[in-house]
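The values are calculated or read from the model by the stated rules, or taken from the named source; none is laboratory data. Just so it is clear, the model here is predicted, and its values are computed rather than measured. Quick reminder, even Gly has a Cβ in these numbers, built from the backbone with ideal geometry, and neighbours come from all protein chains shown.
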Amino acid sequence: MTDPAQRFANRIPDTDWAEVISWPEGHSLAVGHLKDVSEGGLSLDLPICLQPGSTVQVKLSKMSGGLLRHFQFRGTVVHVEASGQGSVHGIKFGGMTQTEQTALTDYLCQVECQYRVAS
């Protein structure tokens, strides 16, 4: 998905979580830990192992200005590797609507602003 140096640069704090939802059925598959995110995709640790090639919806939740906001993005599982009691999944974004693209840009801006304030 991305080289290790780039993945480290986009590392998300251990407090960020994501829900993975089946596409197009809309069934919740698992809740996992978000590892990193970029414009091209994300990496997350899940307690289950998804099949590479599966299309999924990922729902991220973030507190912003005292409000809990939800962001959803569609993508394809492109990489899976065993990790502790679960699996780390690389999910590549694709086929995004304009609304999803706007939500992704908004989410990434919030993450960037959070790190600027923290440093």
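Just checking, does region 82-92 include any residue being assigned to a strand (DSSP E or B) and free of Cβ contacts under 8 Å to residues at least 40 places away in the same chain? Yes, region 82-92 contains at least one residue that is assigned to a strand (DSSP E or B) and free of Cβ contacts under 8 Å to residues at least 40 places away in the same chain. Of the residues in region 82-93, not one is in contact with a helix residue (DSSP H, G or I) (Cβ under 7 Å, 6 or more places away or on another chain), surrounded by 15 or more Cβ atoms within 10 Å (Cβ to Cβ), farther than 17 Å from Asp16 by Cβ and not aromatic (Phe, Trp, Tyr). The numbered conditions (1) part of a helix (DSSP H, G or I); (2) exposed (fewer than 15 other Cβ atoms within 10 Å of the Cβ); (3) in contact (Cβ under 8 Å) with a residue 40 or more places away in the chain are all true for Asp106 except (3). Residues in region 24-81 that are hydroxyl-bearing (Ser, Thr, Tyr) and surrounded by 12 or more Cβ atoms within 10 Å (Cβ to Cβ) were compared, and the one that is farthest from Asp106 (Cα to Cα) is Ser54.
Determine, yes or no, whether Ala118 is of a type in the set (Gly, Ala, Ser), out of contact with any Pro (no Cβ under 8 Å at 6 or more places or on another chain), at pLDDT below 85 and surrounded by 13 or more Cβ atoms within 10 Å (Cβ to Cβ). In short, no.
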